[in-house]
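The structure under discussion appears below in the form of structure tokens.
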Amino acid sequence: MKILVTGANGMLAKSVKKRLEKGNELICTDKTELDITKEEEVAQYIQKAKPDYIINCAAYTAVDKAEEVGELVKTINAKRSRKLSKSC
């Protein structure tokens with residue numbers, strides 16, 4: 001299976017990659033390779049890569065700074081996750 005893993009440098013993604021690396025083709029992206037806040041970029045990336053599955057591990061996790069950048073947190077953790085699933 002071809003699996004796209006977003007947020008590839010995070011702790012969750014590292015665990016996911018470790019469990020799925022055998023027998024699967026993993027496409028692991030971080031925000032420099034695939035910025036999930038850019039809807040058109042995400043749609044194009046998915047269309048080009050044609051993954052069988054997408055595991056979204058991208059998230060804003062700096063809890064102590066979350067209030068300062070509230071809209072960014074909503075965008076990454078909620079809005080873009082929903083858009084990512086619609087792109088599938």
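The values are calculated or read from the model by the stated rules, or taken from the named source; none is laboratory data. The model shown is predicted, which means the values in this text are computed figures rather than measured ones. Cβ atoms come from the backbone with ideal geometry, glycine included; neighbour counts cover every protein chain shown.
Tabulated data
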{"read-out": "Every residue from segment 1-55 that is of a type in the set (S, T, Y) and either touching a Pro at 6+ places or on another chain (Cβ under 9 Å) or under 19 Å from K86 (Cα atoms) (or both)", "value": "T6, T29, T37, Y45, Y53"}
{"read-out": "Answer residue from segment 48-69, given it is more than 19 Å from M11 (Cα to Cα) and modelled with pLDDT of 90 or more and is surrounded by the fewest Cβ atoms within 10 Å (Cβ to Cβ) among those", "value": "K48"}
{"read-out": "Within segment 1-20, considering residues that are assigned to a strand (DSSP E or B) and crowded, with 16+ Cβ neighbours inside 10 Å, the one farthest from the chain's Cα centre (by Cα)", "value": "I3"}
{"read-out": "Residue match in segment 30-47 (condition: at pLDDT 95 or above and either in contact with a Lys or Arg (Cβ under 6 Å, 6 or more places away or on another chain) or in a strand (DSSP E or B) (or both))", "value": "no"}
{"read-out": "Pair list, Cβ under 9 Å, 6 or more apart: segment 35-47 residue on the phi < 0 side of the Ramachandran plot and without any contact (Cβ under 8 Å) to a residue 40 or more places away in the chain, other residue among the aliphatic types (A, V, I, L, M) and part of a helix (DSSP H, G or I)", "value": "D35/V42"}
{"read-out": "Matching residues, segment 21-47, being loosely packed, with under 12 Cβ neighbours inside 10 Å, among the hydroxyl-bearing types (S, T, Y) and within 15 Å of C88 (Cα to Cα)", "value": "none"}
